[in-house]
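First comes the structure, then the notes that go with it.
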Amino acid sequence: MEKNGNTKKNNRRTTNSFAYRVRDHVRMGSKLSETVKGKLRLGARIIQKGGRENIFKEVFGENDGEKLLKASQCYLSTTAGPIVGILFISTQKVAFCSDRSITLRSPNGDLIRKPYKLSETVKGKLRLGARIIQKGGRENIFKEVFGENDGEKLLKASQCYLSTTAGPIVGILFISTQKVAFCSDRSITLRSPNGDLIRKPYKVVIPTNKIKEANESENVENPSQKYIQIVTDDSFEFWFMGFVRYEKAFHNLRKALSLVSN
């Protein structure tokens, strides 16, 4: 009898624990649905519109000759929190549109609800990434902007900033077996030899055989901010900063300079 009683108690415990597990999963399910309903809503919208390309055309329009390269579901980080939507990359622009309408303040101060679009808000920051995709990779940009000599090989291309007296300029630093070159992401205003103001990309080309030294440096107050200093034979200095992979960029610079000494 005692055994039967213990068996019943054990069965009751097992039944109760199973019930609790089911209840916990049901609770978790409600939380999960709240978490991913944004992504599911976006998927439904894509199906309704017949694909992401149709959404792109409807929201942003499509110019003559423009081609959509990629559309990715993602989150845009904002000071108010992440916004779920689609990032579109075409041959002419980079654009983001939120899944849902959000509350915004109109120019006259009224609160309105509309989709969040940023094709014009951050196009300067995203232009470099779009350009890399459009050109089929950084190596193609290097060949197009600077040319490539016989036997020359591109070792590394890194997004970074070039320090100038007018402020840092964002662009790409190319390190090849024969030169170190930088090209700005955007055209900037420069003065031509005859005094006229013109807009063109900011470019720097330094043959590796003209580099006297390359040094590592860092911000004393913030050691995570690292710099590369290049000094030429005629004592010009160039400072590059803001690398995503600083160590790899400096390693390839050292490699390029070692080829000169050999």
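The slack in the chain from S192 to D150, taken as 0.36 nm per residue of separation less the alpha-carbon distance, amounts to 12.0 nm. Sequence gap of 8 or more, or different chains, plus Cα separation below 18 Å: how many lysine pairs satisfy both in segment 136-261? Lysine pairs meeting both conditions in segment 136-261 amount to 22.
When Y202, Y246, Y75, Y227 are compared by accessible area at a 1.4 angstrom probe, the order from most to least is Y75, Y202, Y227, Y246.
Other residues whose C-beta falls under 11 angstrom from the C-beta of N63 contribute a net charge of 0, scoring Lys and Arg +1 and Asp and Glu -1.
With a cut-off of 8 Å between alpha carbons and a minimum separation of six or more residues, what is the relative contact order of segment 136-261 in percent?
22
Placing pseudo-labels 7 Å out from each Cα toward the beta carbon at A166 and Q73 gives an inter-label distance of 4.4 nm. Loop-resident GluC sites (Glu not before Pro) (DSSP state other than H, G, I, E or B) in segment 167-262 with no more than 10 further Cβ atoms inside 10 Å of their Cβ: E221. Magnitude of the charge dipole for segment 136-261, about its Cα centre and with charges confined to Cβ atoms of Lys, Arg (+1) and Asp, Glu (-1), is about 280 debye. For segment 60-81 and segment 146-164, what is the separation of their Cα centres, given in Å? After rounding, the separation between the Cα centres reads 29 Å.
The 1.4 Å probe gives accessible areas that order V244, V84, V180, V170, largest first, as V244, V170, V84, V180. Couplings 3J(HN,Hα) of segment 200-207, computed from phi: 7, x, 8, 10, 10, 10, 10, x Hz, in residue order, whole Hz [Karplus 6.51 cos²θ - 1.76 cosθ + 1.60, θ = phi - 60°; x for Gly and Pro].
The values are calculated or read from the model by the stated rules, or taken from the named source; none is laboratory data. For clarity, every value in this text was computed on a predicted model and none was experimentally measured. Every residue, glycine among them, receives a Cβ derived from its backbone with ideal geometry; neighbour counts consider all protein chains shown. Protein only, heavy atoms only, side chains kept; ligands, DNA and RNA dropped before computing areas. Shrake-Rupley method; radii C 1.70, N 1.55, O 1.52, S 1.80 Å.
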